[in-house]
Structure formats: C-alpha cells, structure tokens
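One structure is given here, and the rest of the page talks about it.
The values are calculated or read from the model by the stated rules, or taken from the named source; none is laboratory data. All of these numbers come straight from a predicted model, not from anything done at the bench. We place every Cβ from the backbone using ideal geometry, glycine too, and count neighbours over all the protein chains shown. These accessible areas exclude ligands, DNA and RNA; they are computed on the full protein's heavy atoms, side chains included. Shrake-Rupley method; radii C 1.70, N 1.55, O 1.52, S 1.80 Å.
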Amino acid sequence: MAEEETAKTEEAAQPQQQAPQMRVLGQFIRDMSFENIMAQKGAPSDATPDVQVQVNLDAKKRSADHQYESAIKLNVTSKVKDGDKTLFVLEIDYVGIFHIENVPDDQLHPFLLIECPRMIFPFLRRVVSDITRDGGFPPLNLENIDFLQLYRSELARRQAAEAPKMDA
C-alpha cells in the first residue's frame, strides 16, 4: 500500500508531456513569377505539355516566442512533350506562419519541414491552379506531395554529401 502511494507521488512530481500544439497564424506568397512563354514566342497552342515540378522546403524561427515560418518553394516548368519549346515557367515561394508549442527540440526540424508544409499545401495547390488558369492554360492541379519522403530524401542526400568529407 505504501509502495502504491509512493508511485503515485512520483508520477505527480513528474510533469506530464503535453501534446504538440500548432496553429496557422497566416500564409502568404513571398515571391512569385509566371512567364507565359507560349504567348511571347508563339508556341503551338495545341501542344501536349510535359510538366516538371521541383519542390524545396525551408523553415526558420521568427522573433516572437513559439512562432516559425515554413516555406514551400515550387519551380514549375511546362514544355512541349517531345520538344524543347517551353510553354510556361512558374516560380512561387509560399509561406505559412505557425505558432508551435510542446514539440521537443529534436523533433522540431522535421515537424517544420513535414507537418507545416502539409498544412499549407492545399492552399498553395489552389494558388497554382488559379495562376496557370489565369495565365491562359488549363489549371495545373498538383499531385499530393509526400513531405515525409521528401524530408528523408534530403537527409539521405546530405549524408551522402558529407560522407566524402569524412573520408578526407
């Protein structure tokens, strides 16, 4: 009986780990460029497009307590399939501002580069669709991005880049 009371007292003395909390405080386009090369150079309008999408992620702490920025940078190039003529180029830097609490320091980096982009991606997808439609093309509906896999690939790339430095 005394052992049970001691165990309960020890449990009460240890602070309970609270669940991570995240709120999106805002989101915005930091930088954007859309070039309709087809209109400028007269590429064929009935051309079948070949769309290439490059994704880069970035995150940083803001000056306010518990506030962070997480950015998705897309470079979209649409070329004529089986050709080298470019139809359009879209570059966009889309940022979310987050209030994050109760995330351990060792898990904050992956949280900012996986969970935060996952939250704002649907809005970025809509912006890209609207921009391409308003630019005179069919709306570009981006596929879902696996941010976890993207994060793992970047870690593997960095480790591979560091390996030759370690051997030297």
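Below is a table of values for the structure above.
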| read-out | value |
| --- | --- |
| Gyration tensor (alpha-carbon) shape descriptor, segment 74-168, a/c threshold 1.5 | oblate |
| Neighbour-limited loop hits for GluC sites (Glu not before Pro), segment 84-168 (at most 14 other Cβ within 10 Å; DSSP other than H, G, I, E, B) | Glu143 |
| Solvent-accessible area per residue, Å², over segment 16-101 with all protein chains present [probe radius 1.4 Å] | 62 |
| Of the trypsin sites (Lys or Arg not before Pro) in segment 64-168, those whose Cβ has at most 12 other Cβ within 10 Å and which sit in DSSP loop | Lys81 |
| Solvent-accessible area, 1.4 Å probe, carbon plus sulfur percent, for segment 42-168 | 48 |
| Volume per residue that the Cα convex hull of segment 28-95 spans, once the total is divided by residue count, Å³ | 84 |
